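Peer 1: Below you'll find the structure I mean.
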Amino acid sequence: MSQLSSRNKSGKRARTKTTPPIPQTDSKSNMDIAVDATKAAHGGLPLNVRAIASCGLNWPVAIWIVVVHVLAVIAPFFYSLPALLTCIVLAFVTGSMGVCMGYHRLLTHQSFKTYRPIRWVLAFLGGLSGEGSALTWVAQHRKHHVYSDHDGDPHSPKDGPWWSHMLWFMPDFGRKWHYELLKRYAPDMVKDKMMVVIHHMFLPSHFILAGILFLMGYFGPSSWGLGSAWAGGSMVFWGLGVRMVYVLHITWFVNSATHLWGYRNYDTTDNSRNLWWVGILAWGEGWHNNHHAYQRVASQGHRWWEVDVTYWVILMMEKVGLAWDVVRLKDVAKASPS
């Protein structure tokens, strides 16, 4: 991949510090060896059963996922139009801008550059998706690209579709494992003190958002169907529960479905696929084979019908000077189409 200039479109030097290179290594650390030992234990049982049997269940994570889904199940009994619209807006803000653009294309792959405060805002919005902090998400995703669909991949469908979709983060591998994961795959993120603060704000931020949503419903105008405790609950159940369940599962489908079904534009060493419905519902993330072929390219839709809403937002940011050094397909060597 060609090295890109550190200057913006006006010719001036970019106003953020150069990010250290993303770790790219295939040598296994003690962390990987420990996980391999977990996989080897308990004989012929499925990987998810083996991992949980060896390490135990990560109860805070499991309870978090259950609570979020319970909120979504209750939501239809508290339906209101303002709550539904809030759900749609927050899904885009936390899913497309927070996870797809912030966590994935900016922080993990450095597909474009922006101001440090914007990096922090996108990392915070990504945390509100419910998928964990930017530190953990980025480290896990970089590891996925190092071992994609091979031994060491955190969430390959080769270990089972449900494992790749949502069970892979359920085992309790321990604090030491988590520390080594961050040290090995996200050292640049750990050095950013604000990212560490945002990491510790993950759970409190959801309680703060729940309080804001409830107050919006409770004190909102009655002409909009608001202005009551019932309306406050409606905002919480839809703005938090339904919205998070949607964002969680549609982005998890990138780990599972797009490594199982779809078509391929490029020959890659993994099983990545382009899957149209994930591409549409996940704001452009479903063109996954394109992404695995060109990991740093900001656009993941490489053909005219491969709609990539997240990339459109990046282009708008570039137009107004909030993004620069956007990595385009023409900036890198062409791969051989399959």
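Peer 1: Pairs only if they're at least six apart or on different chains, beta carbon under 8 angstrom, first in the range 122-137 and over 18 Å from Pro60 (Cα atoms) and of a type in the set (Phe, Trp, Tyr), second modelled with pLDDT of 95 or more and not in a helix (DSSP H, G or I); list them, first residue then second.
Peer 2: Sorted first by the residue in the range 122-137, then by its partner, the pairs are Phe124/Met201.
Peer 1: Let me ask something else about it. Any residue at all in the range 175-188 that is closer than 21 Å to Phe124 by Cβ and assigned to a loop (DSSP other than H, G, I, E, B)?
Peer 2: yes
Peer 1: What pairs come out if I take residues in the range 308-325 that are at positive phi and pair them with residues that are surrounded by fewer than 18 Cβ atoms within 10 Å (Cβ to Cβ) and of a type in the set (A, V, I, L, M) whose C-beta lies under 9 Å away, six or more apart or interchain?
Peer 2: Once the first residue is at positive phi and sits in the range 308-325, its partners that are surrounded by fewer than 18 Cβ atoms within 10 Å (Cβ to Cβ) and of a type in the set (A, V, I, L, M) give Asp325/Leu4; Asp325/Ala14.
Peer 1: Here is a list of conditions, (1) in contact with a helix residue (DSSP H, G or I) (Cβ under 7 Å, 6 or more places away or on another chain); (2) in a helix (DSSP H, G or I), and Val197 meets all of them except one; can you say which number that is?
Peer 2: Tallying (1) in contact with a helix residue (DSSP H, G or I) (Cβ under 7 Å, 6 or more places away or on another chain); (2) in a helix (DSSP H, G or I), Val197 fails exactly one: (1).
Peer 1: Still on this structure, please answer the following. Looking only at residues in the range 73-88 that are under 22 Å from the mean Cα position of the chain (by Cα) and crowded, with 20+ Cβ neighbours inside 10 Å, which one is nearest to Arg243 (Cα to Cα)?
Peer 2: It comes out as Cys87.
Peer 1: Which residue is nearest to Gly126 (Cα to Cα), if the candidates are limited to the range 242-277 and must be part of a helix (DSSP H, G or I) and in contact with a strand residue (DSSP E or B) (Cβ under 9 Å, 6 or more places away or on another chain)?
Peer 2: Result: Thr258.
Peer 1: Are any residues in the range 56-114 closer than 26 Å to Val138 by Cβ and of a type in the set (Val, Ile, Thr), and if so, which ones?
Peer 2: Passing the criteria: Val61, Ile63, Ile65, Val66, Val67, Val68, Val89, Val93, Thr94, Val99, Thr108, Thr114.
Peer 1: Another question, if that's okay. Just to check your reading of the model, which residue among Trp162, Trp120, Trp168 is aromatic (Phe, Trp, Tyr) and crowded, with 21+ Cβ neighbours inside 10 Å?
Peer 2: Trp168
Peer 1: Which one of Leu209, Leu215, Leu226 is out of contact with any strand residue (DSSP E or B) (no Cβ under 7 Å at 6 or more places or on another chain), part of a loop (DSSP other than H, G, I, E, B), more than 26 Å from Val297 (Cα to Cα) and not β-branched (Val, Ile, Thr)?
Peer 2: Among Leu209, Leu215, Leu226, only Leu226 is out of contact with any strand residue (DSSP E or B) (no Cβ under 7 Å at 6 or more places or on another chain), part of a loop (DSSP other than H, G, I, E, B), more than 26 Å from Val297 (Cα to Cα) and not β-branched (Val, Ile, Thr).
Peer 1: Give the residue that is surrounded by the fewest Cβ atoms within 10 Å (Cβ to Cβ), with candidates limited to residues of the range 312-325 that are within 15 Å of Cys100 (Cβ to Cβ) and of a type in the set (Val, Ile, Thr).
Peer 2: Looking at residues that are within 15 Å of Cys100 (Cβ to Cβ) and of a type in the set (Val, Ile, Thr), I get Val313.
Peer 1: A further question on this structure: In the list Gly239, Gly284, which residue meets the criterion of being in a helix (DSSP H, G or I) and buried (at least 22 other Cβ atoms within 10 Å of the Cβ)?
Peer 2: Gly239
Peer 1: Separate question: So which residues in the range 287-311 are part of a helix (DSSP H, G or I), closer than 18 Å to Thr251 by Cβ and either of a type in the set (Gly, Ala, Ser) or more than 16 Å from the chain's Cα centre (by Cα) (or both), if there are any at all?
Peer 2: Asn289, Asn290
Peer 1: Something else about it: Being of a type in the set (A, V, I, L, M, F, W, C), in contact with a strand residue (DSSP E or B) (Cβ under 8 Å, 6 or more places away or on another chain) and either at pLDDT below 95 or within 23 Å of Val138 (Cβ to Cβ) (or both) narrows it down to one residue among Trp324, Trp283; which is it?
Peer 2: Going through Trp324, Trp283 in turn, the sole match is Trp324.
Peer 1: Could we say that Glu318 is assigned to a loop (DSSP other than H, G, I, E, B) and closer than 21 Å to His104 by Cα here?
Peer 2: So Glu318 fails the test.
Peer 1: Can you tell me how many residues within the range 269-286 are more than 18 Å from His165 (Cβ to Cβ), over 15 Å from the mean Cα position of the chain (by Cα) and touching a residue at least 40 places away in the same chain (Cβ under 8 Å)?
Peer 2: Residues flagged as more than 18 Å from His165 (Cβ to Cβ), over 15 Å from the mean Cα position of the chain (by Cα) and touching a residue at least 40 places away in the same chain (Cβ under 8 Å) within the range 269-286 amount to 1.
The values are calculated or read from the model by the stated rules, or taken from the named source; none is laboratory data. Keep in mind that this is a model prediction, so the values were computed, not measured. Virtual Cβ from ideal backbone geometry, glycine too; neighbours counted across all protein chains shown.
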